[in-house]
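First the structure, in the form of structure tokens, and then the observations on it.
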Amino acid sequence: MRRPKFIILVLAVLLAALIIFWPGRPPERQDASVPKAPEPPPSPRLSDIGKPATFFHGLTPDKAAPPMDATNLQRAEMLNSPAQSIEEDLGIVAEFVDLYARAMGAAPVGDNSDITAALTGTQYPGQKGQLFPRQHNAIRGGQLVDRWGTPLWFHANGPGKLEIRSAGPDKQMFTPDDVAHNPSPPGLGATPEAPPAPN
């Protein structure tokens, strides 16, 4: 009687060892003809949030910029030109935002520095595409500025509508001399009410 129990115990131990140490399926061979999916760009570190994109780790300001389309370069050179109005300047910025939206499938989002980084191709390391020159005189401190040196203000007014606002010659945002492209309706959002008419 002892012999069958011993045989069952030995078989159980062998079966357990076989299950535990079974090599599994053989490793798959990698076919060299099948291309691997590209790696996504790394996300910025938490310590980089809020900083202009050129401060993201891995990007250096002296890194050579990819060549730009000549038409985009010519259009960018017209920005803040004394030969045109501030309204035309804001229209040029809007054209670049629209061009980005068509090329990337969605408009850039965020504040001035985020939108500037998207347009200049410095939003994240390895970003493809540069629509606006990185060293343009209208970019200061990683932000697009108006002809008076004040950063432009960007505000989403709804699907596909972006308000682009210049503080105007007084360099104070939300005063009567502001100039806006695609402004929100007066009294709603950030657009100030029109001043009362003099009697």
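Please treat every number below as a calculation from the coordinates, not as lab data. The structure displayed is predicted, hence computed values, not measured ones. Methodologically, a virtual Cβ is constructed for each residue, glycine included, from the backbone with ideal geometry; neighbour enumeration extends over all protein chains shown.
Mind putting a number on the dipole of region 55-181 about its Cα centre? Charges go on the C-beta only, +1 for Lys and Arg and -1 for Asp and Glu, and I need it in Debye to the nearest 20.
Values: 10 positive and 15 negative charges, 88 e Å.
Here the size comes out at about 420 debye.
Any idea how far apart GLU87 and ARG3 come out in nm if each label point goes 7 Å out from Cα toward Cβ?
Going by the 7 Å Cα→Cβ label model, 10.9 nm.
Taking the Cα centre of region 74-113 as the origin and placing charges on Cβ (Lys, Arg +1; Asp, Glu -1), which of GLY91, PRO108, ALA76 is farthest toward the positive end of the dipole?
PRO108
Using a ≥ b ≥ c from the Cα gyration tensor of region 142-183 (square roots of the eigenvalues), is it rounded, prolate or oblate, where a/c under 1.5 gives rounded and otherwise the larger of a/b and b/c decides, a/b for prolate?
Working: a/c = 2.85, a/b = 1.52, b/c = 1.87.
Because a/c hits 1.5 or more and a/b fails to exceed b/c, region 142-183 counts as oblate.
I want to check the label-to-label distance for GLU95 and ILE20. Put each point 7 Å from Cα in the C-beta direction and report it in nm to one decimal.
7.4 nm
Any idea what the relative contact order of region 55-181 is, in percent, if you count C-alpha pairs under 8 Å spaced at least 6 apart? Please list the in-between numbers first.
Numbers: 169 pairs, mean separation 28.6, N = 127.
The value is 22 percent.
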